[in-house]
Amino acid sequence: MAIVIGVVCGRCDRYSAMGSAQVCSCGGQLALGAAAKPQVPRPPARSESIQAGPPAPVSIFGNEVLKPRRTVGSLVAAVPPAPPATPTRGATAHANPGGSAVSSPNPVEEEATTGVRAVSSFPSDKPSQEELMEQARNYVCRSCSTPVPIAHKFCGRCGAAIPPDILNFRTQFFGQLQTPGRAKLILIRGEGVEGLVYQLSAEQHVLGRNGQISFPDDPFVSPRHANIFYRGGKLVVRDEGSMNGVYWRVHGSVEVSPGESFLAGEQLFRIDGSPRPNDGPAPDGTYFYTSPKHQTQFKLSQVLEGGTFGMAVCARGNVLQIGREGCDLNFASDLYMSAAHCKLEEAGGKLTLTDLGSRNGTYLRLKQERELTNGDYLFIGRKLLRVEITAPN
């Protein structure tokens, strides 16, 4: 029995002899037949090899159609369409006949041709003069983001110079200080930021923890501590019943009386009159044996924080001197005390407090209103303030 070897067509299931390229009845191609040469498409005229191929696929990110595939070597990558052009500030975007986005620098001209006006999202109004001066007053260093006080020309942290425009606006902000007779307070020493300037442009200025000029961080300042106001063209300070008082820097010598207080260095003192004699006999006629007591005209007591008393000394003569060394009362560890700071003297039944040219001054607690002059210093709580008054015309 003869064996016939052939190829079965996958379409019509008929046999064909070996070497046949296709089935005679259905014309189907046979896998073992001679392969026809593929027709190679003619390359496009331009050098870039971009095939049109089947219809472009749709992107999964929306309804946008991806561009034709670009062949790079053996890799095929889908190139997404370019994003729509964003109009620049003050310009109107539209499409030109070529399809690329262009911007019109003239919105009026564009509105005339397209009927659409471009509206900028940026505010066109420039900051007012007052806003610029307010920014300069609250200037923050651009290098280290540290607030810079008004009177400073350099950053206290990194040393960066304040820009000239900021200094110019600060000068304009405080320009009304040139008004004759008007004044300002400058913070010289305190627990907060030193060098702050307080402009006294109103008629009255209440200082305190809750005042117009507030020091909320100072526990020695009362809620309504003092009032600085103008009266008859003069600047006057008045204690508003504060717990710790208002202290004014002594110029030369001032007359004082028993019961008054003053500051020297970081020490607070109270002046007392001649102590009552207590060396007489007891009710039963017995004398208490003590060392002989010298006659004294006045007594000086140190007042500690909280109101208790520290050292006390009675004057053996008519003068009592305070300082850091070589005096009747010495405070060697007080950095604000001069070697010979001040003295208290009795003459003709009157007591006089004299500053001996100390570096940091002697301050007397005010009992009543006092007129202030240019260059005066005030102690309020732990804040030291200097008064500057513009000279009248």
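Every read-out reported here was derived from the displayed coordinates using simple, explicitly stated rules and does not represent laboratory data. Predicted, not measured: the structure shown is a model, and the values here were computed from it. FYI the Cβ positions are ideal-geometry reconstructions off the backbone, even for glycines, and counts take in every protein chain you see.
Here is the tail figure for segment 252-393: Cα pairs spaced more than 18 Å apart come to 62 percent of all pairs.
The label-point distance for LEU335 and LYS234, in a model that sets each label 7 Å from Cα toward Cβ, rounds to 3.8 nm. Spacing of the modelled spin labels on SER253 and ALA151, each 7 Å from Cα toward Cβ, amounts to 3.2 nm. Based on the Cβ-Cβ distance of GLN212 and PHE288, what FRET efficiency does E = 1/(1 + (r/R0)^6) give at R0 = 51 Å, to the nearest 0.05? Using R0 = 51 Å, I get an efficiency of 0.35. Averaged over residues, the count of other Cβ atoms within 10 Å places the peptides 199-209, 151-161 in the sequence 199-209, 151-161, highest first.
When peptides 281-287, 319-325 are ranked by their average number of other Cβ atoms within 10 Å per residue, the highest-first order is 319-325, 281-287. Cβ-Cβ distance of ARG137 and PHE309, R₀ of 56 Å, FRET efficiency by 1/(1 + (r/R0)^6): the value works out to about 0.80. In terms of distances greater than 27 angstrom between alpha carbons, the cross-link table entries LYS234/LYS299; LYS350/LYS383; LYS153/LYS184; LYS234/LYS367 yield LYS234/LYS299; LYS350/LYS383. The Cβ shell under 10 Å around LEU378 holds other residues with a net charge of +3, Lys and Arg each +1, Asp and Glu each -1.
Could you order the peptides 382-390, 227-235, 353-361 from most to least packed, using the average number of other C-beta atoms within 10 Å per residue? Can you show the working numbers first?
Numbers: 382-390: 19.1, 227-235: 15.1, 353-361: 17.6.
Packing order, densest peptide first, comes out as 382-390, 353-361, 227-235.
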